[in-house]
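Scroll down for the structure; my scribbles are underneath it.
Values in this text are rule-based calculations from the coordinates and carry no lab data. The structure displayed is predicted, hence computed values, not measured ones. Neighbour counts run over all protein chains shown; Cβ positions are idealised from the backbone, glycine included.
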Amino acid sequence: MRALVLFIVYYSLAGYSLLSPVVGVLFFVHIMIFRPENLVWESPMFGRLHLITAVCTAIGCLSHRDARWPRANHPRRNLMLFAIFIGWLWCVSLTAAVSSGTSADRAIEFTKIFLFCVLFTVVVTSPSRIRLYVLVASGSFGLLGLWGVLQGMAGNPRLDTLWVGGSNYLAAGLALMIPFALTAALDPGFSRARRVGLALSTLAMTLCLFYTASRGGLFALVVGLLSLVVLAQKKGRLIVGLLAMTLIVYPMVPSDQAKRISPLIQDDDTLDLSAESRPVLWQLAFRMWQDHPVFGVGLGNFGLAIDAYSNKAADIVKSQEMAELIFGRGRQPHGMYTGMLAETGLIGVGLLALLLWRNALCRMAPATGDLVLVGRGAQAGILGFAVGAAFGDYQYIDVLYWQLFIVGTIVAVGDPANGAGRDTSDKAVSTTPA
């Protein structure tokens, strides 16, 4: 029965995207975060829902052209930079050292993300639509967090089956969104009921992150929250919110998850083998780049090429246990920057880093009003994610790119040349209380 109800509701919304691309974009955001197939145990009936929604939304955009796309350059410059990045990835795929097919598959994934970002910037064009995105993205992650906590309490170790990519991907996505949801909960532009819902979503996400037992995710969250305190102009309410969140979440963290995360702050002698292997993988990635300095070995080719270094790394792989952990298992670099360096060269990692940092550090115009706080939350999450990405292969997480473009849209909306943040969207989608 649950599967039938979800089928009717979800496919009806996908079809409605033909009439309302705003609904289509927000629905796509929801199903990419809170995936319906996870609620019905990998049912094949939702296998094409993402594609159908994207196509219907694109058709809806073409048939309901909206002239209210921000005139400021920030979102368009983001798109241009992203397009150059995609073009480089296709060049990398053509010169892949081991498997061009594997590299092309990854390039296709990036291209899909880019195409959705185009739809996103065309549709999310005003303060009210930004607030709708905030509600949908934060609410969907809140539901995912609640589902993760329930699964963790039921004995699902580290929630590896909850999200695409496993527990580390899930933790990175949560760390990216928690500062964003927290600032939204403090934003007076939302009604009291919605702010309560956003606060509950933030708590569920935070507790779920601990259930993943991801050290990189926790580190990203800490950096993100510290960045938020630094970036925010009015810190009093924010600090009170952080203290309340800590007092509520900390007593609920299970002891076994806390024990796994604890090596994050321990000395080198107490690190487990998994944590100790990461610097070794990073050094191997650097050597791989030295052998392929221009294009790298190709997207997804690190795990295919690493075994060729099994007889060349005696100086850094100093134990049989470490060798067995790294070679013959298709290991990934466990570092976004070192991995992209090995797989795409300096140009690839440089373009990705530029896309990250130009949005994480850009200025928010005072004309943006209350959205400045939400924008700062998005930037803080990106900063935490960018630092935490040194410990994981997170470049394929869709939500990262949506957050980059939401920052760009907030900047564009607040540009005086664009009406100083004036809300020109349909009254039917406004979320600001009267």
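Please give the peptides 20-28, 86-94, 372-380 ranked by average Cβ packing (other Cβ atoms within 10 Å per residue), highest first, as a rough proxy for protection. Write out the running numbers ahead of the final one.
On the way: 20-28: 23.7, 86-94: 18.8, 372-380: 26.7.
Ranking, from highest mean packing down: 372-380, 20-28, 86-94.
Please quote Rg/Rh for region 163-232 to two decimal places, taking the Kirkwood radius as Rh and restricting both calculations to Cα atoms.
Ratio of gyration radius to Kirkwood radius for region 163-232: 1.01.
As a rough guide to protection, the peptides 205-211, 318-324 ranked by mean Cβ packing within 10 Å, highest first, stand as 205-211, 318-324. Computing FRET efficiency as 1/(1 + (r/R0)^6) for F7 and E324, where r is the C-beta to C-beta distance and R0 is 60 Å, gives about 0.85. Packing-based ranking of 151-161, 214-224, 7-17 yields 214-224, 7-17, 151-161, ordered from highest to lowest mean Cβ neighbour count within 10 Å. Here region 78-199 is treated as an ellipsoid with the same Cα gyration tensor; its semi-axes, largest first and in whole Å, are 32, 23, 9. At an R0 of 41 angstrom, the distance between the Cβ atoms of I52 and C91 translates into a FRET efficiency of 0.85. Between I347 and A308, what's the calculated FRET efficiency when r is the beta-carbon distance and R0 is 22 Å? Round to 0.05. My answer for the efficiency is 0.40.
According to the calculation over all Cα-Cα pairs in region 289-401, the P(r) per 5 Å bin from zero is 2, 11, 17, 18, 15, 12, 9, 7, 4, 3, 2, 1 %. Take the Cα of I59, step 7 Å toward its Cβ, do the same at R287, and the gap between the two points is 5.4 nm. Annotation for V229 and F114: the two label points, set 7 Å from Cα along the Cα-Cβ direction, are 4.0 nm apart.
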